[in-house]
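Data block below; observations after.
The values are calculated or read from the model by the stated rules, or taken from the named source; none is laboratory data. Just so it is clear, the model here is predicted, and its values are computed rather than measured. Note that each Cβ is placed from the backbone with ideal geometry, even for glycine, and that neighbours are counted across all protein chains shown. These area figures cover heavy atoms from the full protein model, side chains too; ligands, DNA and RNA do not enter into them. Shrake-Rupley method; radii C 1.70, N 1.55, O 1.52, S 1.80 Å.
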Amino acid sequence: MLAKIQSGAVAGVDGLAVEVEVDIALGLPVFTTVGLPDGSVRESKDRVKAAIRNCGYEFPQRRITVNLAPADIKKGGAGFDLPMALGILAATGTLESEKLGRYWVLGELSLDGGVRAVRGVLPITLAARELGMAGILVPEANKMEAAVVDGIDVIAIDTLHQAVEFLAGKRECLPFHIDPASSFARSRHYDVDFNEVKGQEHVKRALEIAASGGHNILLKGPPGSGKTMLARRLPTILPDLSFAEALETSKIYSILGLLPEDMPLIATRPFRSPHHTISDAGLIGGGQIPRPGEVSLAHNGVLFLDELPEFKKHVLEVLRQPLEDGTVTIARANLSLKFPARVVLAVAMNPCPCGFYGDKRKECGCNPAQIHNYTSRVSGPLLDRIDLHLEVAALPFKEMSAERQGESSADIKKRVDASREVQRKRYERHERQGLVFCNGQMGPKDIRKYCVLDAPSTRLLEKSVEQLGLSARGYHRILKIARTIADMDRSESLQLGHVAEAIQYRRMA
């Protein structure tokens with residue numbers, strides 16, 4: 001006999017419909033799974049067999065063939081355990097239900113028939129809703145993230161026996177609902193604040209510019225000067241995540257199984273700080289079945305690379321395309337996937353191997369060759385893609401010991417929100433909303449339109465480009481920064497002061 005169970009998988013960051021076809025025929029007892037399954041899917045046969053028997057059902061001693069369609073896409077994970085088991089019971093006549101075609105089923109089975117959590121439930125539930133399914137059966141541990149999706153019934157399942165009785169109409173399982181908006185609002189909280197940072201006012205100013213325009217930033221200074229502390233507080237002054245952004249970011253965390261069980265949505269701007277030993281696949285994504293990397297986990301937030309020269313050079317170079325396009329493209333022989341990667345990049349580095357080159361308090365012990373070798377680990381093209389370059393000096397004792405607190409993140413964020421609102425209205429008015437979200441994402445056409453210079457500003461910029469040896473990209477970065485500074489001053493046109501301040505942030509380039 002033949003039975004079909006509807007399920008889902010993940011392709012990139014989107015859900016994909018998978019039909020689990022189970023055929024039971026006469027012949028020697030063999031359990032075969034086809035449809036490009038990976039190792040975890042092929043091992044399902046042992047879990048499914050034990051779960052069916054331990055729940056009191058009869059496992060057929062016949063030839064069982066399970067096909068996962070479409071058969072040309074690699075399938076991974078243990079989420080097909082439950083649909084396979086239900087398909088076997090339906091094919092043997094143990095389960096008869098008209099609901100099988102209207103519900104998607106997901107879940108890993110334990111040997112006693114319990115249903116365990118799986119990854120990627122959020123994007124799969126979104127796909128089920130888009131295809132007009134009545135509902136989806138998910139593990140109890142995944143019910144929160146699935147219930148974020150409106151317009152589809154979410155049925156939380158604890159055991160195989162419960163799933164069989166619900167589909168057979170012998171047990172009533174009420175759909176699980178939450179209020180995503182209230183849960184989203186309650187979760188907006190950061191554990192750090194800018195008022196904890198003493199001094200470094202010029203760096204705070206640059207971070208405010210970076211947040212206002214979505215610009216990348218480099219912090220360079222001796223150990224203990226506060227580079228990491230400042231960078232960790234950058235997300236606290238970025239605009240609040242919209243619900244659509246939170247859903248987009250949460251899909252990535254769901255795919256990797258990083259969503260907390262009690263928090264169905266990522267409600268704050270992500271901050272990811274990978275260790276410098278990370279591989280290129282770990283940073284931008286990849287693998288046999290491609291998965292998102294750290295740059296995608298930081299989508300709509302901040303990617304912070306501390307001790308930048310310590311990263312492997314080829315790992316840093318793979319960042320160049322995501323920084324320009326806002327997406328990561330991973331191509332394989334039979335498929336090409338895109339992962340979102342719209343981030344604010346913040347990087348920190350020491351000026352030399354010992355960290356004290358140029359420090360007035362402690363003498364540097366590095367020779368010129370060591371300093372050159374250290375700084376040359378970071379390529380010019382990558383540095384060229386970082387808009388603001390800041391020197392972070394060691395803090396004097398008087399500022400460290402001062403009782404007065406600095407300005408809070410909430411106060412800085414109010415100014416950032418106002419600047420972002422100016423940009424939103426500008427690009428909405430000129431039909432660029434959805435393509436350009438902030439000044440840091442402007443293309444050449446936008447720069448020509450919104451970054452018109454007067455004669456004094458043009459002369460200053462021309463002289464600076466010649467003296468600093470800036471590339472065309474560096475020239476455009478200055479104009480983007482100047483546009484952001486003008487927006488912070490509520491100025492329609494770029495003034496000489498805006499351009500001059502923007503130029504000083506490129507002097508280290």
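Here are the numbers for this structure:
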quantity: Subset of 251/480; 425/445; 413/449; 220/413; 4/99 violating a 20 Å alpha-carbon distance limit; calculated: 251/480; 413/449; 220/413
quantity: Burial order of peptide ranges 337-347, 275-285 (average beta-carbon count within 10 Å, highest first); calculated: 337-347, 275-285
quantity: Accessible area, probe 1.4 Å, largest first, for residues 414, 143; calculated: 414, 143
quantity: Kirkwood-type radius of the stretch 317-424, with distances r between different C-alpha atoms, in Å; calculated: 18.4
quantity: Percentage of interatomic Cα-Cα distances in the stretch 172-328 larger than 21 Å; calculated: 52
quantity: Calculated from backbone phi, Karplus (6.51, -1.76, 1.60) coupling profile of the stretch 260-268 in Hz, x at Gly/Pro; calculated: x, 4, 9, 10, x, 10, 6, 9, 10
quantity: Antiparallel DSSP beta bridges within the chain, percent to nearest 5; calculated: 50
quantity: Full-stretch length increase - residue 507, residue 73 - with 0.36 nm per residue and alpha-carbon distance subtracted; calculated: 151.3 nm
quantity: Debye log10 I(q)/I(0) at q = 0.16, 0.21, 0.23 Å⁻¹ for the stretch 444-485, Cα point scatterers; calculated: -0.38, -0.66, -0.79
quantity: Largest-first principal axis extents of the Cα set of the stretch 7-149 (Å); calculated: 43, 31, 27
quantity: Calculated P(r) of the stretch 403-509 - Cα pairs past 24 Å, %; calculated: 29
quantity: Share antiparallel - DSSP beta bridges, the stretch 1-76, percent rounded to 5; calculated: 75
quantity: Label point distance in nm, residue 130-residue 277, each placed 7 Å from Cα along Cα→Cβ; calculated: 3.9
quantity: Sequence-distant residues sharing a close amide H with residue 328 (under 5 Å, placed H); calculated: 339, 341
quantity: Using a Förster distance of 30 Å, the FRET efficiency for residue 369-residue 229 (Cβ separation, nearest 0.05); calculated: 0.40
quantity: The chain, accessible area per residue, ligands and nucleic acids excluded (1.4 Å, Å²); calculated: 44
quantity: Computed P(r) (all Cα pairs; the chain; 20 Å bins; percent); calculated: 21, 44, 26, 9, 0
quantity: Sequence ranges 370-376, 122-128, ranked by mean other-Cβ count within 10 angstrom, highest first; calculated: 122-128, 370-376
quantity: Karplus-derived HN-Hα couplings along the stretch 248-254 (A = 6.51, B = -1.76, C = 1.60, θ = phi - 60°), whole Hz, x at Gly and Pro; calculated: 5, 5, 5, 4, 5, 5, 5
quantity: Distance from the stretch 25-67 to the stretch 318-389 (C-alpha centre basis), Å; calculated: 50
quantity: Proximal charge balance of residue 305 [Cβ under 10 Å; K/R count +1, D/E count -1]; calculated: -3
quantity: Stretch gain in nm, segment residue 310-residue 171, where the contour uses 0.36 nm per residue and the Cα spacing is subtracted; calculated: 44.2 nm
quantity: Segments 109-116, 25-32 sorted - mean Cβ within 10 Å per residue, highest first; calculated: 109-116, 25-32
quantity: Under the Karplus curve 6.51 cos²θ - 1.76 cosθ + 1.60, θ = phi - 60°, whole-Hz ³J(HN,Hα) for the stretch 211-222, x wherever Gly or Pro sits; calculated: 5, 5, x, x, 9, 7, 9, 10, 10, 10, x, x
quantity: Amide H partners (placed H, <5 Å) of residue 116, local residues excluded; calculated: 108, 109, 110
quantity: Antiparallel bridge percentage (DSSP; both residues within the stretch 275-433; nearest 5); calculated: 65
quantity: For the stretch 324-365, alpha-carbon Rg over 2.2 N^0.38 Å; calculated: 2.18
quantity: Mean ellipticity per residue at 222 nm, deg cm²/dmol - from DSSP H runs of n ≥ 4 across the chain, formula -39500 (n - 2.57); calculated: -10500 deg cm²/dmol
quantity: Separation of the residue 111 and residue 63 label points, Cα + 7 Å toward Cβ, nm; calculated: 3.0
quantity: DSSP-assigned coil residues among GluC sites (Glu not before Pro) in the stretch 102-189, each with at most 16 further Cβ atoms within 10 Å; calculated: 172
